[in-house]
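**Student:** Sharing a structure below in structure tokens format, with a few things to ask.
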Amino acid sequence: MPRRETALIEQTPGPDAMSDSATPTLRSLFEACTDLPPDARAAYLAAHCADAALRARVERLLYADAGEALPFPPDAAAAARAIGVRAAEVDLPPGTRIGPFEIDRLLGEGGSSTVFRATRDSAGVRQQVALKILSRGVYSSDSQRQFRRERQALAQLTHPGIARLIEGGVTSGGVAYIALELVDGLPITTYARHWHSGLRERLQLFVQVCRAVEAAHRALIVHRDLKPSNVFVAADGSVKLLDFGIAKLLETQNDDDHTRLPMCTPAYAAPEQLTNDSVTTATDVYALGVLLGELLTGRRLRDAQLAPSAQILANAEAGVLPDTPAATRRALRGDLDNIVTKAIAPEPERRYASAGALAEDIERQLCGKPVAAHPPSAWYRTRKFVRRHRGGVAMTAVFLLALVGALGLALWQADVAKQQARNAERQAARANATKDFLIRVFRASDPRIAQDKPRGQVTAKELLDLSTPAIERDFAADPDTEIELLGVAASIYRELDDPARYRALHGKQVERARASYGELHPSIIQGLIDDADHANDRNDYDEAFALLQQADPLIRRAGLDRSALRARWYLARSHVMRKDDSAANANDDALDSAVKLYAEIAPQDPGYVSALTSMGFRTQREIDPVAAEPWFRRAIAAAEASPQHDDARLQQLTWPGLAASLEYQGKYAESEDAYRHSAELARKTYGEAHSTYWVPAAEFASLVHRSGDRARAQALFDALFKVIPQPWDADSYDDYAREFYAACLVAEGRAREAIPLLEASLKTYIAKPSVEYELRRIRLTLGDAYDLAGRSDDARTLLKSSLDERIAKDPPQGGTVRVARERWGRFLLAHGDPAGAEEQFRLVLAQEQGRHLSTFALAHGGLASVHLARGDMTAALDESRRAVESFAQVTGRRDVRSGPYLWLIHAEALRRSGAVAEARTWAQRALDASRRYDAPEAASIKLAQAALQQPAS
Amino acid sequence: MHSDATLVTGNTALGTDALFDAVYARLKAMAAKELNRREHATLDTTALVHELYLRIGKQPELTFAHPAQFFAYAARAMRHLLADRARDRLRLRAGGDLARITLTGSDMQLAIESSEQALALDAALERLAQTDARAAQVLELHYFAGLTVKQIAETLQLATSTVDRDWRFARAFLKDALEA
């Protein structure tokens, strides 16, 4: 029935007009009838309703009324359930294709979209993304266009702190998707809690967030949904904002007849966002304020009347607060309270005008810390520059940079002093003097000014010679700056290997400091610790210890016990290797203290990175390589967060440490990446011709070889040897490259070639101090090589002594003893002593504890061979099966070549147990693998071939 | 779907009302949160509406002259929500990839049927409102806001017997409309 007619019939002014039959309404008729018994209704209708259509209608209603059941769910809830939990069921199974991406797995679900990890293979490059799939379909061409427009705007937004929008699209089925940079990390609050981040670290992270937001605001993009789960911190401590502008993007997807849905999390939504949905940059600032509040107090603050510090709960969970509740309250009271309060002001106009303004205020907080939060030491920065260009080449610009850096420090201190300044004039004078000095230094290298020497030929040393007298002259009235600069100059001389000048300037520095401040000036103490570091490097541990003992009371008396200086002291102390009984514990305690103090006071100090790395190695050695991984990651994060973050020297140990930990856990691909990363880092910083590059490069190549790719490993080693000059610096400890290469040769069946290389390396090692660990390692490898090359007597000596040495010096539960023992067992077995071999293998396996380490698998294989020799097939098969199964699940350092070795043993056990066909399968598998892994003439290949030619026994 | 029907208690036209938008949005967000929390979440209409009332009550900028206004708004919002869902589901059916993969046959069937039904209900309710505005409102309050007869009576300042009659009529009307 056409609508209009229906309306006429059904129109009623009100239900109470159960009035006269002049105009009977549908309702009135209906109600009248329901009051009557069923059989009387027809008559009533006939009497009161002339319109046949209307009568029919009433009858239908009465019929409907009679039935019990409702043809629709009893309430809206039931109806919603029936329609389906979500408008779009996005439980997409792995493998589903959305656009050019393939789904890996579900990462998370939100109100309007679901996020998956997905990959795309394009031009051989595998790209991993976070794929956000919108629950609502995009169908009309208008909304598609709008979606595309917005997406393009967002794609322009590139900033290291913002997870990049990679691409987006709409499938033919109307499925809208957005591919974002995949960020591996934790929400910022979780990160801070997990790492028990201190106040400084939290503020520093927060500044990163603000800067990222600021960048987007400049591009006129508002986030609209800032909250901890959208602010991630990656393992390296870098902040990444997720979902930038996505909120807006998603909103545009609503078609015309849908009401707009503001995508906001109530706690983080600014008041104006909830009421009239007007979103501006101020909205983001509000959210930032709430985030800051949460980072500092553990609570989501809304009430701007109560100060944030007053809202801290005394029973806050560990890690939620930057410090103890009382200390946090103290730290926040005043400036930080005000900052938070301003950011979350209810009126947008009263908040910070921009995220940048907020960041600046926080940064002022960070800089305004007392000198106890020691700034990165200038001498350290200069040292880095100088080291790189040791050859004495005129590197004027570089040197100037270093000097400027140092002076920048002086100016920084001037700034800090400004805050405490009583005499503004003095500060101005200092600033002027500094500028003059700089100018003078620049002039020395300025080609426009006539000089004796042609331009560019002023060496660093000469420049220093020129500048140094000026320091004393220009800064006589400014002892602080003078002291600092003298220290810088002194350390540069030290780096340039001019000990005489170093001592002279250092002496002057100490003298000035004493004159102005007495014994307790930081630079004096700093000097002592520097010297202790150098003593450690030289292995002059007694000297180091003495110096540190000297510095200790000075630190205390100077009130610097809670400073980066003290942390440096701890770190230096932890490196002192004295032959004391209590030495080990003292070192451990010192390291613990160093880490703790750095974390609280100076997480940006390079010493923190060293401390964390040392901790990683200690954990790896004494506790558990798995537990070491977080330490290394933390060290890497600290290094990246530090202004000196491009100093690869810091990371030279860290990345390989991480790689080793990953390898231990069987994460071979990640381990390879870490090794590669460390090599790349070293190469970029030091260049290929520097020994600092060779070690990680060789480690990487070794790992590649251990994973079976001999061609690639060979190529890597070849490239490496091309850049290693022959003969190289005798001071360098880096015979690693040659040693590792030789070890690879041994593994792939070229023991004879390897022996001369190993012997040469051994000789080099012996000539140096403190290479005990290297000696132990290379002796085992050489013993292995001798054995494989048939030089049994030499092998016996070396292998046995290797084992004995390790038993004497290494941790009894550690892998190094087991490796040597297993190898010794294999030697005994091959040389007619199965009983002896069995003893060794059993000793190894006594530590198995259900682990699947390579050595254990090999030991099982060894036992299988022992049983085979004795003719006990059942036992042999049992052991060989265990060996093979264990190796299939191997973690930790392994060479894949152990696989075919074990498979052949297994094949033999099977064959002699009568399972000939199965035996052949294993032997074939071993042959195929060895052909891939080993040199063509390798014994492994011959053995496998022989196994395949065996007749049925 | 933006109806021109006026509320018994209010004068403003819905759909152009910022207040309504806010309520609807909030409700939608809450519902989404509820439903997304668990695989087979139950959507307790009453509880949601009551919770919404409590929450909104705390916001000074959102004021209702009378609780009736609130419930009316909430019910209408819930109704929109359901209709949205239904439309989405039906669109997905036409959409290809996603729907094909995600729902099994019988689930899909039920979902589709329920969606079509929900939309039909919505349309029928619209027609009822033109015939008998108050009966439509009673139904809306009961079905979408989960109010009992007594509560409706209180809210609309009617006798319970009136509400009962309204309900009966509305029910029959809708039944008839859907079975037609």
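Nothing in this text is a laboratory measurement; each read-out follows from the coordinates by a stated rule. In this text the structure is predicted, and so the values were computed from the model without any measurement. Because the Cβ atoms are built from the backbone with ideal geometry, glycine has one as well, and the counts that use them run over all protein chains shown.
**Student:** Which GluC sites (Glu not before Pro) does the range A:869-953 hold that lie in a coil by DSSP with at most 14 other beta carbons within 10 Å?
**Tutor:** A:GLU937
**Student:** Related question: Rg and Dmax of the range A:785-883, using alpha carbons, in Å: what are they?
**Tutor:** 13.2, 38
**Student:** Okay, next question. Sorted by average packing, counted as other Cβ atoms within 10 angstrom per residue and highest first, what order do B:117-125, A:827-835 take?
**Tutor:** B:117-125, A:827-835
**Student:** Here's a follow-up. When only alpha-carbon atoms are used, what values of Rg and Dmax, in angstrom, describe the range A:817-953?
**Tutor:** Calculated on Cα positions, Rg and Dmax stand at 14.0, 40 Å.
**Student:** Across peptide B:154-166, how many C-beta atoms of other chains are within 10 Å of each residue C-beta, on average?
**Tutor:** 1
**Student:** I'd like the per residue volume of the convex hull spanned by the Cα atoms of the range A:893-953, given in cubic angstrom.
**Tutor:** Here the figure is 67 Å³ per residue.
**Student:** Here is a further query. What residue among A:ALA857, A:VAL844, A:THR874 has its Cα farthest toward the positive end of the dipole of the range A:839-953, where the charges are +1 on Lys, Arg and -1 on Asp, Glu, each on the Cβ?
**Tutor:** The listed residue farthest towards the positive side: A:ALA857.
**Student:** Another question, then. Sort A:49-62, A:288-301 for me by packing, meaning the mean count of neighbouring Cβ atoms within 10 Å per residue, highest on top.
**Tutor:** A:288-301, A:49-62
**Student:** Next up: Would you pull out the residues with amide H under 5 Å of A:VAL231's amide H, same chain only if 5 or more places away, H placed 1.01 Å from N?
**Tutor:** Sorted by chain and number, the residues that satisfy this are A:ILE188, A:LEU242.
**Student:** How would you order A:847-858, A:601-612 from highest to lowest mean count of nearby Cβ atoms within 10 Å?
**Tutor:** Highest-to-lowest ranking by the protection proxy: A:601-612, A:847-858.
**Student:** Turning to a different aspect of this structure: Tell me the Kirkwood radius of the range A:310-355: reciprocal of the mean inverse pair distance over distinct alpha-carbon atoms, in Å.
**Tutor:** For the range A:310-355, inverting the mean 1/r across all distinct Cα pairs yields 11.9 Å.
**Student:** Sticking with this structure for a sec: What is the Cα coordinate range of the range A:282-341 on the first, second and third principal axes, sorted by size from largest, in whole angstrom?
**Tutor:** 32, 20, 15
**Student:** If you take each beta carbon of peptide A:56-68 and count the beta carbons of other chains within 10 angstrom, what is the mean?
**Tutor:** 4
**Student:** Still on this structure, I have one more. Provide Rg over Rh for the range A:555-639; use the alpha carbon set for both Rg and the Kirkwood Rh (inverse mean inverse pair distance).
**Tutor:** 0.99
**Student:** Report, in cubic angstrom per residue, the convex hull volume of the C-alpha atoms of the range A:180-235.
**Tutor:** 83
**Student:** Averaged over its residues, how many other protein chain Cβ atoms are within 10 Å of peptide B:134-142's Cβ atoms?
**Tutor:** Taking the mean over all residues of the peptide, I get 1.
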